[in-house]
1. Which count do you get for residues in the range 147-164 that are free of Cβ contacts under 8 Å to residues at least 40 places away in the same chain, of a type in the set (A, V, I, L, M, F, W, C) and either within 16 Å of Thr201 (Cβ to Cβ) or near the ligand (Cβ under 9 Å from one of its atoms) (or both)?
2. With (1) under 18 Å from Asn147 (Cα atoms); (2) assigned to a loop (DSSP other than H, G, I, E, B) as the list, and Val121 as the residue in question, which single condition is left unmet?
3. From the list Ala241, Ala257, pick out the single residue that is hydrophobic (A, V, I, L, M, F, W, C) and surrounded by fewer than 14 Cβ atoms within 10 Å (Cβ to Cβ).
4. Scan Val41, Val10 and give me the residue that is of a type in the set (A, V, I, L, M), within 14 Å of the ligand (Cβ to nearest atom), at pLDDT 95 or above and out of contact with any Pro (no Cβ under 8 Å at 6 or more places or on another chain).
5. Please go through the range 124-146 and give me each residue that is closer than 15 Å to Ala182 by Cα and in a helix (DSSP H, G or I), ordered by number.
6. Within the range 74-122, take every residue that is among the acidic types (Asp, Glu) and within 12 Å of the ligand (Cβ to nearest atom) and give me the one that is nearest to Trp203 (Cα to Cα).
7. Which residue, of Ser57, Ser16, is polar (S, T, N, Q) and either within 19 Å of Ala98 (Cα to Cα) or free of Cβ contacts under 8 Å to residues at least 24 places away in the same chain (or both)?
8. Name every residue in the range 7-46 that is basic (Lys, Arg) and over 19 Å from His197 (Cα atoms), in order of residue number.
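The values are calculated or read from the model by the stated rules, or taken from the named source; none is laboratory data. Everything quoted here is computed from the prediction, not taken from an experiment. Positions of Cβ are backbone-derived with ideal geometry, glycine not excepted, and every protein chain shown enters the neighbour counts.
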Amino acid sequence: MGRFDGKVAVLTGAASAVDGELMGFSGAVAWRFMREGGKGVVLTDMKDEAGEKSAASLRKAGFDAVYSHLEVTDESQWKAAVEVARKRYGRLDLLVNAAGIIDRRSITDTPVDEWRRVMDVSATGVFLGTKICAGLLGQSGGGAIVNISSMASKMAGAYGAAYATSRAAILQFTKVAAIQYAGQGTRVNAVLPGWVHTPFTTWAHDDVAQRDARTQRIPLGRWGTPEEIAAVILFLGSDDAAYVTATEILVDGGVIAAGGAPNPKTK
Ligand SMILES: NC(=O)c1ccc[n+]([C@@H]2O[C@H](COP(=O)([O-])OP(=O)(O)OC[C@H]3O[C@@H](n4cnc5c(N)ncnc54)[C@H](O)[C@@H]3O)[C@@H](O)[C@H]2O)c1
């Protein structure tokens, strides 16, 4: 018996789920969810070619996966994605909100349109996903929503003001949604990843100086893997977390506890 027997998931930001290639968080979630008994998974993203390839890769392994185009700031596209889950599988048990973009300039140099776009994808995307999926989640017995924030919501840096601010917004929204949907049995939680090698961070990971500058601030001494983040997302999405709602879990190798300070070896 698997933890997700007969269950169905909708995942955003899920274009990187091809077996043997670098995965994103939703990609790693898709594979583990299906390996643990999932009935079906709806991968969504704006990168249609990569998304279709990801769904085909899961199907080739014998899993029922489908790709649906979804720009997370568009309400009508959310409705269409949920209809895919309803029509194909008849239910919805897990929503993972993982779509995201980052800004990398100083506040002075950030155009307002870039600020708005980052805020929109993070905050409006999570709002719309919750709003549109809550009905089917409730009809399916409650289910769970897991929102991907970031450890960036807990620390301040010289760049990326919109990203850090929008990731903090996800945390407060998570709590409000958890309270509002508790009555229908839907749990809502957030995961705050640290530095993890995915397509999102390749620019930093593949640059030795950028990578090492971060690695030395990680008490565990290495970047995380998409599978390690997926493990926590799926804990929150499973019945193992049946009494867990309105909370947040840092999965950062200890960065925030260490205050971002470099960690010299003690031996
Ligand atoms: N990788 C890390 O180190 C890290 C750390 C903390 C938080 N995060 C967050 O985790 C989430 C998942 O990132 P990942 O690391 O798995 O990388 P990823 O690149 O695999 O996933 C992000 C996906 O979001 C999609 N996306 C962007 N804007 C979108 C929109 N408007 N509508 C729909 N899809 C959109 C992208 O096409 C991409 O496929 C992101 O929200 C990111 O901010 C990542």
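1. Summing the residues that are free of Cβ contacts under 8 Å to residues at least 40 places away in the same chain, of a type in the set (A, V, I, L, M, F, W, C) and either within 16 Å of Thr201 (Cβ to Cβ) or near the ligand (Cβ under 9 Å from one of its atoms) (or both) in the range 147-164 gives 2.
2. (2)
3. Exactly one residue qualifies, and that residue is Ala257.
4. Within the list Val41, Val10, the selection yields Val10.
5. Thr130, Lys131, Cys133, Ala134, Gly135, Leu136, Leu137, Gly138, Gln139
6. Filtering first and then ranking leaves Asp103.
7. Ser16
8. Hits for the range 7-46 are Lys7, Arg35, Lys39.
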